[in-house]
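Just below is one structure, and these are the notes that go with it.
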Amino acid sequence: MLEKIQRAIADAVNTLYRISPEVQVDRPEEQFGDYSTNVALQLAGQLHLNPTEIADKICDKLRVDLGDQIEDIAVVGNFINIRLSGSALLTAVGDASNYSPKSYQHKIVVVEYSDPNPFKVLHVGHLYTSVVGDSIANLLETAGATVHRVNFGGDVGLHVAKTLWATLYYSSDGDIDNVDKAVEIVKKLESESLLDRSKWLAQQYVRGTADYDDDKQGAKAHVADLNKRIYQLVADNDHDSPLAQIYWTCRQWSYDYFESFYREIDVHPFEKYYPESQTGPIGIKAVNEQLSNRVYKKSRGAIVFDGEKYGLHTRVFINSAGLPTYETKDVGLILLKWQDYHYDQSIVITANEIIEYMKVVLKSIEQFEPKLVERTKHLTHGLVKLQGGKKMSSRKGNIVGATDILEATAKASQKLIGKENQLTTLGAIKYAFLKQRLGADVIYDPAESVSLIGNSGPYLQYAHARARSVLSKATDVTNPANTELQPDERSLARKISEYPEVIEKATNELVAHYICTYLYELAQNFNSFYENNHVIDDPRQEIRLRLVEAYANTLKKGLSLLGIPTPEHL
């Protein structure tokens, strides 16, 4: 409806003054109408006319053009305020609950997020980015895009070598050459749960990191050697040697655990998982090729990109041992994603802490594949901290695990309502994450997240179930013959009609917090309506049921975009 009003105003201005301005239409406070525009003030300077005179003429034209679609149109100051008729507002309500934007139609979009590393445990940051990435991918799909969800992680590198050092060292009482003993222990662990195996791996990483930092029993040299051997066994596709058996088995434990976790938090499955062992060789090839084109240069036995020339900083892409750094693996990833998908846009979602890092990586690629950089959008988010401010470090082992958040929220729900419901637990976590503006740090409070009276996921889930309960008492919902709206009905209808504008804005900016704010306001509006108006067996049952149904459908669609389940009963 907003677009229709914009077109009507633009047509009126063109007919009256032969001008085609960009018409801005806003939502005024409810007492002033449904739509408002200051187009008359915008034209006054250009036409050298009084803005009130212009507004009066536009109003006269709109009264004719829009006819019975408007209940009232008036000039207030320099603004034109428009109030829709009951029938037009109900039409807008119907259009809203079926609305999907078209801004990404026929576009191919790759969305990369979550990015956990094998051989490490999943922490709250992975939970957060998985929820955020899934919601952004949902928005893109709703806008018509073909979306490919992909994941990226380090299956090679120092963290893997440190983990395997600890595995070898502590499996054989310090005899790191006794690889068979480590193989035996790894095989015994196969009978443990995925979560326990992942925690065991995380423990080895913590041990290995501490030993590396302290150089226990020459750990630094051994880890460096292991790092090279791991790269080589992957390159050789070696699955038979004892070290290879440990590596591939433990890597698969991690992948299985990741998939299990994504199912548990009810996000869409990933289409591909790009391991660094796959992207590294592609990146090395590209960096070496561009060395001769002076995109990269040699420095102290390494290959670097001189970011200072572009107001950035210099970073190493291939180290002095000839191994690729994270930077080169990211170069390979971007090239490989293009090879696989030929995307219109590639969206990468990471923490804020690598903003400057990504600027250097992308600036280097811009020198030889500028179109890929033009099509790449880097979205970043802040840190998730528990109420009380516990700090996280996977190296020291004091991380807030992703499963810790799930368990803490389930306990908070149990304490509040006497029972734990997986659907409301997920709703609580996802909504608490998504209602914050992307980029800011999030302070997560499990007790607040499960509240049934505040701005929370469970509050909206119960609001949806309440509306469905009302609808279940009716035999049928039909289009009302009488379209005149009472004040509370009009207020609810007006709020429902705002849904397309909110989704359009959220999609254009690729953020979900606009949807959260809108759904909370919508639920509050409905609760106020329901408390003051009977629905079933009321003379106005027909029109009110129609509004309740549109409200429930709109709430369900909005929550679905956030990845939040909407059960019929709770």
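Scanning the range 365-380 for residues being exposed (fewer than 15 other Cβ atoms within 10 Å of the Cβ) and assigned to a helix (DSSP H, G or I) gives a total of 3.
The set of residues from the range 552-570 being touching a His at 6+ places or on another chain (Cβ under 9 Å), in a helix (DSSP H, G or I) and over 22 Å from E264 (Cβ atoms) comprises A552, L555, K556.
Checking each residue in the range 320-336 for being of a type outside the set (G, A, S), in contact with a helix residue (DSSP H, G or I) (Cβ under 8 Å, 6 or more places away or on another chain), closer than 12 Å to A302 by Cα and surrounded by fewer than 24 Cβ atoms within 10 Å (Cβ to Cβ) picks out only L323.
Residue check: is Y35 outside the structural domain of P487 (by TED's automatic domain parsing), surrounded by 13 or more Cβ atoms within 10 Å (Cβ to Cβ), modelled with pLDDT of 90 or more and within 43 Å of the chain's Cα centre (by Cα)? Criteria met by Y35.
Residue by residue, here is whether (1) modelled with pLDDT of 95 or more; (2) closer than 13 Å to V160 by Cβ; (3) surrounded by 13 or more Cβ atoms within 10 Å (Cβ to Cβ); (4) of a type in the set (K, R) holds:
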{"residue": "A224", "(1), (2), (3), (4)": "no, yes, yes, no"}
{"residue": "I230", "(1), (2), (3), (4)": "yes, yes, yes, no"}
{"residue": "R251", "(1), (2), (3), (4)": "yes, yes, yes, yes"}
{"residue": "H268", "(1), (2), (3), (4)": "yes, no, yes, no"}
{"residue": "Y273", "(1), (2), (3), (4)": "yes, no, yes, no"}
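For the range 306-365, how many residues are over 24 Å from the mean Cα position of the chain (by Cα) and basic (K, R)? Residues flagged as over 24 Å from the mean Cα position of the chain (by Cα) and basic (K, R) within the range 306-365 amount to 3.
Considering every residue within the range 110-131, establish whether at least one is acidic (D, E) and within 19 Å of F258 (Cβ to Cβ).
The first filter runs over the range 110-131 and keeps only residues acidic (D, E), leaving 112, 115.
Subsequent filtering for residues that are within 19 Å of F258 (Cβ to Cβ) retains 112, 115.
Yes - at least one qualifying residue is present in the range 110-131.
Going by the conditions given, is V150 among the aliphatic types (A, V, I, L, M), touching a Lys or Arg at 6+ places or on another chain (Cβ under 6 Å) and under 24 Å from R437 (Cβ atoms)? Spelling it out, it is not the case that V150 is among the aliphatic types (A, V, I, L, M), touching a Lys or Arg at 6+ places or on another chain (Cβ under 6 Å) and under 24 Å from R437 (Cβ atoms).
Yes or no: T517 in the same structural domain as S449 (by TED's automatic domain parsing), hydroxyl-bearing (S, T, Y) and over 29 Å from I265 (Cβ atoms)? First the steps, then the outcome.
Values: in the same structural domain as S449 (by TED's automatic domain parsing): yes; hydroxyl-bearing (S, T, Y): yes; over 29 Å from I265 (Cβ atoms): no.
No, not satisfied.
Taking the listed residues S171, S193, S135, S130, the one that is at pLDDT below 95, buried (at least 16 other Cβ atoms within 10 Å of the Cβ) and not assigned by TED's automatic domain parsing to the domain that holds T507 is S171, with no other qualifying. Among the residues of the range 297-306, none qualifies, meaning not one is among the charged types (D, E, K, R) and in a helix (DSSP H, G or I).
A Cβ distance below 7 Å, combined with a sequence gap of six or more or placement on separate chains, defines the contacts here; from the range 525-551, residues that are within 17 Å of Y459 (Cα to Cα) reach residues that are among the charged types (D, E, K, R) in the pairs N525/K495; F529/D488. Only residues that are under 15 Å from the mean Cα position of the chain (by Cα) and among the polar types (S, T, N, Q) were counted across the range 128-185, and they come to 6.
If you go through the range 211-229 one residue at a time, do you hit one that is at positive phi, outside any loop (DSSP other than H, G, I, E, B) and not assigned by TED's automatic domain parsing to the domain that holds H513?
Filtering the range 211-229 down to residues at positive phi leaves 215, 217-218.
When the remaining residues are screened for being outside any loop (DSSP other than H, G, I, E, B), the result is 217-218.
Still in the running and not assigned by TED's automatic domain parsing to the domain that holds H513: 217-218.
Yes, the conditions are met somewhere in the range 211-229.
Scanning the range 113-129 for residues that are out of contact with any Leu (no Cβ under 9 Å at 6 or more places or on another chain) and on the phi < 0 side of the Ramachandran plot gives N117, L122, H123, H126, T129. Restricting Y520, Y514 to those that are free of Cβ contacts under 8 Å to residues at least 60 places away in the same chain, in a helix (DSSP H, G or I) and under 22 Å from the mean Cα position of the chain (by Cα) reduces the list to Y514.
Of all residues in the range 73-92, those being among the aliphatic types (A, V, I, L, M) and either part of a strand (DSSP E or B) or within 17 Å of V23 (Cβ to Cβ) (or both) number 7.
Just to be sure, is Y255 closer than 30 Å to V360 by Cα and touching a residue at least 40 places away in the same chain (Cβ under 8 Å)?
The answer is yes for Y255.
Among residues of the range 362-377 that are within 15 Å of F317 (Cα to Cα), those with a beta-carbon under 6 Å from a residue that is surrounded by fewer than 16 Cβ atoms within 10 Å (Cβ to Cβ) at least six positions away or on a different chain give the pairs K363/Y310. Within the range 192-212, can one find any residue that is farther than 30 Å from L406 by Cβ and touching a residue at least 40 places away in the same chain (Cβ under 8 Å)? Within the range 192-212, one or more residues are farther than 30 Å from L406 by Cβ and touching a residue at least 40 places away in the same chain (Cβ under 8 Å). Looking only at the range 484-513, filter to residues that are under 17 Å from M1 (Cα atoms) and among the polar types (S, T, N, Q); which one of those is surrounded by the most Cβ atoms within 10 Å (Cβ to Cβ)? Only one residue tops the list, namely S497. If we scan the range 103-111, do we find a residue that is more than 30 Å from L555 (Cβ to Cβ) and without any contact (Cβ under 8 Å) to a residue 12 or more places away in the chain? Within the range 103-111 (the criterion being more than 30 Å from L555 (Cβ to Cβ) and without any contact (Cβ under 8 Å) to a residue 12 or more places away in the chain), the answer is no, since none of the residues qualifies. Here G157 passes the criteria (1) among the small types (G, A, S); (2) modelled with pLDDT under 95; (3) surrounded by 24 or more Cβ atoms within 10 Å (Cβ to Cβ) except the one numbered (3).
The values are calculated or read from the model by the stated rules, or taken from the named source; none is laboratory data. These figures come from a predicted structure and were not determined experimentally. Positions of Cβ are backbone-derived with ideal geometry, glycine not excepted, and every protein chain shown enters the neighbour counts.
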